[in-house]
Amino acid sequence: MSMLDGTVAAHTSTPDLPRATDQDGSYPRPQMLRARWADLDGTWSFRNDGDDPAWRSGFPDARDILVPFPPESVASGIDEPGFHPVVWYSRTLSRADLDAAGFGSGSPRLVLHFGAVDYRATVWIDGALVGTHEGGHTPFSFDVTEALTAGTAADAAHTLVVRAEDDPHDLTQPRGKQDWHEDAHAIWYRRTTGIWQTVWLEAVPPVAIEYLRWTNLDQATLRLTVRLRGTRTGGERVRVVAHWHERDEHLATFDAVIGATATEFDVVVPIARQANGQAQDELFWTPDTPRLVDAVVTLLGGDGDTLDAVSSYFGVRTVGVDGPRFLLNNHAIDVRSVLNQGYWPDSHLAAPSRAALRREVELIKELGFNAARNHQKIEDPRFLWWADRLGLMVWGETAGAYEFSPRAVHRLMCEWMDAVERDASHPSIVTWVPVNESWGVQEVRTDPAQQAYERSLADVTRALDPTRPVVSNDGWEHTNSDIITIHDYEGSGERLARTYADDAARTALVNGIGPADRRVLVGGAVDQGQPVMLTEFGGVDFQPGGQREDGWGYTSASDGDDYVARITALYDAIRASSFLVGSCYTQLTDTMQETNGLLNADRSPKVPMEQIRRAVTGH
């Protein structure tokens, strides 16, 4: 069982719930908390030497693996970086696990959650199929109550088995930067197969809150979307209590009657204090003032009894574009971002610890950045919790596929929609990026079908979330982008300054062929005066601890002084531009053969961090 520090104030009527803004970063679903849950990470049984259907009931002679680390990684205990097209996991579910999850008369339904399994998962309990899921970066869950209770004693142990299929050669799978070659090459790195985020159990009431989503409608009003599981009896209503604990200020109590048969419904939550425009800024979420509001959402029966309650949080903030400006809370903000691969040498896409996710956010801020572009990875939600809590703007990006075909379109579209649904409540996310550098749409310049696909990805993102800007294709070949983004690895600060000097340079750049010999606009897109950002640049190779033979960057520094001087010159060029309103440096850390990080792969600084901060911020 995991209990989180802090409890909700007594006026909420649910004092046993953890306070969402006081959590320690371990809860796998940080914006919807219950008092009890069972963490199933740890030692599991593992096989990858066959595909025997009999294993659905468990398997003998297995090796141990440490979940949630992928078998390719050292941290897993397997450490086999080759191909793993099919892997199997097994773990005993004990009565202690069920008790830790809160399973009992008040919460008689048991839900099994997976943070992420790459790529296709099939799950059995005691040999009975409980469900399947496709998509390597998004969460899924199954109600496993019947599988655990049918014909078994109350104290019986049960066998949980997971089969994960991850074809390393299938380029229709959204894979991000996972290599399809056996050994890492160019800008791709080793694979992450199977379970790579937390597996956990949660007990819920017969009628339970399944999903919450907070949407900022404006600077004084939010919409809460609630989804229920279970069979309703009618007459239920939902109560929302919002409290700003930083000032011990009660913000709202709002009751809403639910439609007779609805399983998903919206509740509009006005924040009365925000009606005073002179005081609005006090509550706004920004990177400098990352203020969060606690909320308890309670489902009430027709007789007024509590059926379910969960703890959540939200941030009050708006984001958008206005002509050439990028806006946060209706104020122009300069986006100083860094490319974050979210890759660790010993654990790959899985963070080596939950504390590492917090430290990643802290390091980004300490280096002088106010934003991160999570590159080709749908990051663990606990990273987003720390971005919310500590104040870091995030560009949410999908893991791309490398083929254009009906199957690839279907797979990426489904996984991306799931990702937007999962993360849309986080105030830290300020921009969506469904495509990077025409990956999966390599002929988008001339192919109307690929242009339609790129446009549809951007449009479906806006349909799911009309409150954030969408970048249609980060780097070049934009079809319908709210922000024009450019990737330019020019190593000379003087030449970079000329390219981005003034309005005449902007017109030539946006309406012509960009630095990577790719057109900036394609498919009939025209310049509408959008904000322009340099969203990949730098990539300076520097290896102070000794040279890797396969290490590389886009340019190279001879020593620490040369390294800082090169980075400073590039940032000076950006600051001198009359139209650039944001940038993203490549990259935060060295990643395998890419030795162009600001930090070494172990997150140690290559030069004193204050020197990098001075280059990034200009002071």
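The values are calculated or read from the model by the stated rules, or taken from the named source; none is laboratory data. Predicted model only: the values in this text are computed from it and were never measured. Neighbour counts run over all protein chains shown; Cβ positions are idealised from the backbone, glycine included. Remember, those area values only see protein heavy atoms, side chains included, never the ligands or the DNA or RNA. Shrake-Rupley method; radii C 1.70, N 1.55, O 1.52, S 1.80 Å.
Using only the Cα atoms of the stretch 277-399, build the gyration tensor, take square roots of its eigenvalues as a ≥ b ≥ c, and label the shape rounded, prolate or oblate: rounded if a/c is under 1.5, else prolate if a/b is larger than b/c, else oblate.
The shape class here is oblate.
Put +1 on the Cβ of every Lys and Arg and -1 on every Asp and Glu Cβ in the stretch 237-291; which of T253, A242, L283 then has its Cα farthest towards the positive end of the dipole?
T253
Hey, can you rank 203-211, 495-503 by average C-beta count inside 10 Å, highest first?
Working: 203-211: 19.7, 495-503: 16.3.
Answer by packing, highest mean first, reads 203-211, 495-503.
Be a star and scan the stretch 562-593 for residues whose amide nitrogen sits under 20 Å from the point 7 Å along the Cα-to-Cβ vector of E494.
Once the point is set 7 Å along Cα→Cβ of E494, 562-578 turn out to lie under 20 Å by backbone N, inside the stretch 562-593.
What does the net charge come to around T479 if you take all other residues with beta carbon closer than 15 Å to its beta carbon, with K and R at +1 and D and E at -1?
My count for the surroundings of T479 gives -4.
What share of the DSSP beta bridges in the stretch 45-204 is antiparallel, in percent to the nearest 5? Walk me through the numbers before you get to the answer.
Details: 37 of 38 bridges.
Here the antiparallel bridges make up roughly 95 percent for the stretch 45-204.
Suppose R0 equals 51 Å; then what is the FRET efficiency for D322 and E80 from their Cβ-Cβ distance, rounded to the nearest 0.05?
Computed FRET efficiency for D322 and E80 comes out at 0.50.
Need one number for the stretch 201-278: average projected area of the convex hull over its C-alpha atoms, nm².
Orientation-averaged projected area of the Cα hull: 6.6 nm².
Quick check: convex hull over the Cα atoms of the stretch 256-315, volume per residue in Å³, rounded to an integer?
113 Å³
Could you rank the peptides 306-317, 34-45, 552-563 by their average count of other C-beta atoms within 10 Å per residue, with the highest value first?
So the peptides 306-317, 34-45, 552-563, ranked by packing, come out 306-317, 34-45, 552-563.
How big is the Rg/Rh ratio for the stretch 134-185, C-alpha atoms only, Rh by Kirkwood, two decimals?
For the stretch 134-185, the value is 1.20.
Measure off, as a whole percent, the carbon and sulfur share of the 1.4 Å-probe accessible area of the chain, all protein chains present.
Answer for the chain is 49 percent, counting heavy atoms of protein chains only.
Please calculate how many Å² of accessible area the chain carries per residue, with a 1.4 Å probe and no DNA, RNA or ligand atoms counted.
Details: 21970 Å² over 619 residues.
Ligands and nucleic acids excluded, the result is 35 Å² per residue.
Taking the stretch 151-303, how much of its Cα-Cα pair set, in percent, is spaced more than 24 angstrom apart?
Working: 7000 of 11628 pairs.
Cα-Cα pairs of the stretch 151-303 separated by over 24 Å account for 60 percent.
Using a basic spin-label model with each label point 7 Å from the Cα along Cα→Cβ, how many nm lie between D305 and D502?
Simple spin-label model gives 7.6 nm for this pair.
Note down the nm distance, to one decimal, between modelled labels 7 Å out along Cα→Cβ at N276 and at E362.
Taking the simple label geometry, N276 and E362 are separated by 3.6 nm.
Would you mind computing the Rg to Rh ratio of the stretch 495-567 from its alpha-carbon coordinates, Kirkwood style for Rh?
Working: Rg = 16.6 Å, Rh = 14.9 Å.
With Rg and the Kirkwood Rh in hand, the quotient comes to 1.11.
Please report the net charge: other residues with Cβ closer than 13 Å to the Cβ of R445, K and R +1, D and E -1.
-4
Share of antiparallel DSSP beta bridges in the chain, in percent to the nearest 5?
Details: 93 of 125 bridges.
The antiparallel proportion sits near 75 percent.
Nearest 20 debye, what's the magnitude of the dipole of the chain about its Cα centre given +1 on Lys and Arg Cβ and -1 on Asp and Glu Cβ?
1140 debye
For a protection proxy built on the mean count of beta-carbon atoms within 10 angstrom, sort 235-248, 47-60 highest first, please. Write down the numbers at each step before the final one.
Working: 235-248: 17.6, 47-60: 14.3.
For the peptides 235-248, 47-60, the packing ranking is 235-248, 47-60.
What is the calculated FRET efficiency for L390 to R575, with r their C-beta to C-beta distance and R₀ = 22 Å, to the nearest 0.05? Can you show the working numbers first?
Working: r = 25 Å, r/R0 = 1.14.
The value I calculate is 0.30.
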